[in-house]
Each structure stands twice: as C-alpha cells, then as structure tokens.
Amino acid sequence: MTTHLCATCAVETDGAHSADQICPICADERQYLPKGGQRWTTVEQLIADGHTLEWFEVEPNLIGLITKPSIGIGQQTMVVRGEQGCLVWDPPGLITNEAVDHIRRLGPVVAIAASHPHMFGVQLAWAEILGAPVLVNEKDAGWLQRRGDAIELWSGKRQLTSAIALYELGGHFPGSSVALWSAGADGQGVLLAGDTISANPDGTASFMRSYPNKIPLSGAVVRRLADATDRLPFDRLYNNFGAVIDTDARAVVRFSADRYAAWVRGDYDHLT
Ligand SMILES: [Zn+2]
C-alpha cells in the first residue's frame, strides 16, 4: 500500500493530495510552507530517490534513527528498549524494511508516539507493520492528517511499561508531551522531551510556540512546564534532534525556565 505524506513536514496523509491542496500542519504559524510551494510525496518515491534510515546507539537501550538525506523536519526518532517492550518516539517520515527488521530485533513494540503533531511522521505505516498502537494526545488529535484503527487517544499520563510513561505538558502544542524512561541514564532517568523542552547548544533549555518562526511562550507557561518536570525523576534530557542535556537536566530546565520568565517579564530590559 502506498504511504502518502507532505514533503515539507513528512507527516503522512490520508491518500494522495493535489498540488493545490495545502498541508494544515505546514500552513500553521508554527511551521511554514516552502518557498517553492506545497509538495506531496510517497514513501516509495523517497526510497526511489535514495533516502534511507540509519540507526545508532545513543546510550545503552536507546537507539536513534534518522533519515539520510534528511526528510521533512528531520527529527531524530528514539527507540527505547525496555524489558517489557519498546517505545518508538517521534517516528520518522520514512519506513524501510531494514529499519523495521532492526526494530523487531529489539523486541516487541508496545507503542508508537509523537511528542507533538510535527513529529507524527508516517506513524500509521509503522503501526501497521509493527502491530503496535499509535498514541496521540487527544488535545492534538485535530492535527492528524491520516486516521486509522491503530490510533488510541490519551491525555494526562499514560504508563506504557513499568519504566516508560508519557506525560502531557502542553506549551508548544496543547497536547505536547514528553516520555519518561526511568531506566535510562544508568537508572537516573531520561526525559525524551521532543521540543516541548528543547536542549540548547550551550547546555541550557528553551521553550517556544514556534521554533522556526521564533514565537515565544509566556513566562507563566514556561514555568508551568518546569513545575511539571520538577515532579519527574530524570537526570538527562534529549530533544527531538538528538541534542542532550547530559546531567542534572531537571535543575537545568528549572534554571532555564526561570531565566526565560525573567527575560519576557522585562527584568533585563536594561541590557537591550
Ligand atoms: Zn506539512
């Protein structure tokens, strides 16, 4: 079966689209339509054009998966290998037989889930071949461009295994979520934060309504995100492009949120 998707965000769609149809995800103020205009493609075309999936160990029992050459927004998918099964987090906009075989060797997949709609990828194509449910936060279900029986809506918290749970934090999207893997980072806990909370190049964190278009959130919302992560046991944080806050990440998120709130409140206006 052909898997159709938007060429810009790599989110799968329900059937073929014509060039005069616009992708709602890309037309939203958090993304952008490409200068050359809307384009649609298929997984089969992307493979014919030479795109592949590459995987690598990020840390023990955490596998990164990226498209080469990059497709769509270009996220780094994370596969968490737990004793009771795997989570495929922020699935890619491509699926290959080799990557499917590799994930199957890691163990049964208990769920496929995205941190937010930009990261939906071809999640239903993965679900069909892996026999796993796609968990979509109910607040963001309106952004689904393809629906199917594998989709299960959730909200609040969803425990997947004894060591893996999803938490709805909101912010970037109302249903923006994180995955807590308590066995990660040698048992100190890993937060897969998507871009609900993003890791910066200097090792701090940031928070945005739109990253490409630089639209901020309010200080109150950012502090709410940090309040939520204060209650989660983790030491390391990965964002959706593989950037990492290696240690003490919960305190880094708190510091970064307080700094952000101070800037948008005007505490540092004398420096501008
Ligand atoms: Zn799109």
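The values are calculated or read from the model by the stated rules, or taken from the named source; none is laboratory data. Quantities reported herein were computed from a predicted structural model and do not represent experimental measurements. Using ideal geometry, Cβ is built from the backbone for each residue, glycine included, and neighbour counts are taken over all protein chains shown. Only protein heavy atoms, including side chains, enter the accessible area calculation; ligands, DNA and RNA are left aside. Shrake-Rupley method; radii C 1.70, N 1.55, O 1.52, S 1.80 Å.
Scanning the stretch 181-200 for residues that are buried (at least 24 other Cβ atoms within 10 Å of the Cβ) and without any contact (Cβ under 8 Å) to a residue 60 or more places away in the chain returns L191, I197, A199.
Residues in the stretch 58-107 that are open to solvent by 10 Å² or more (accessible area, probe 1.4 Å), closer than 13 Å to W126 by Cα and in contact with a helix residue (DSSP H, G or I) (Cβ under 7 Å, 6 or more places away or on another chain): I95, T96.
Every test in (1) part of a strand (DSSP E or B); (2) within 16 Å of the ligand (Cβ to nearest atom); (3) of a type in the set (D, E, K, R) is passed by E54 save one, and that test is (2). Listed by first and then second residue, the pairs with beta-carbon distance under 6 Å, at least 6 apart or on different chains, first residue in the stretch 237-259 and more than 20 Å from R223 (Cα to Cα), second among the hydroxyl-bearing types (S, T, Y), are V244/Y238. Taken as a whole, the stretch 145-152 holds at least one residue that is surrounded by fewer than 22 Cβ atoms within 10 Å (Cβ to Cβ), under 25 Å from R30 (Cα atoms) and β-branched (V, I, T).
For the stretch 8-22, which positions are more than 21 Å from T67 (Cα to Cα) and either of a type in the set (D, E) or near the ligand (Cβ under 9 Å from one of its atoms) (or both)?
Of the stretch 8-22, the ones more than 21 Å from T67 (Cα to Cα) are 14-22.
Residues satisfying the conditions are D14, D20, I22.
Residues that are in contact (Cβ under 8 Å) with a residue 60 or more places away in the chain and under 19 Å from the mean Cα position of the chain (by Cα) within the stretch 15-65 comprise C23, P24, I25, E29, R30, Q31, Y32, V58, E59, N61, L62, G64, listed in sequence order.
Contact annotation: residue pairs with Cβ atoms under 6 Å, 6 or more positions apart or on different chains, pairing a residue in the stretch 80-93 that is without any contact (Cβ under 8 Å) to a residue 40 or more places away in the chain and within 11 Å of A111 (Cβ to Cβ) with a partner that is open to solvent by 10 Å² or more (accessible area, probe 1.4 Å) and of a type outside the set (D, E), are C86/L106; C86/G107; C86/V109. Taken over the stretch 22-57, the residue count meeting the criterion of being open to solvent by 70 Å² or more (accessible area, probe 1.4 Å) and modelled with pLDDT of 95 or more is 10. Is it true that N97 is touching a residue at least 60 places away in the same chain (Cβ under 8 Å) and over 25 Å from A141 (Cα atoms)? The answer is no for N97.
Looking only at the stretch 58-72, decide whether some residue is out of contact with any Leu (no Cβ under 8 Å at 6 or more places or on another chain) and within 16 Å of the ligand (Cβ to nearest atom). Yes, there is a match, as at least one residue in the stretch 58-72 is out of contact with any Leu (no Cβ under 8 Å at 6 or more places or on another chain) and within 16 Å of the ligand (Cβ to nearest atom).
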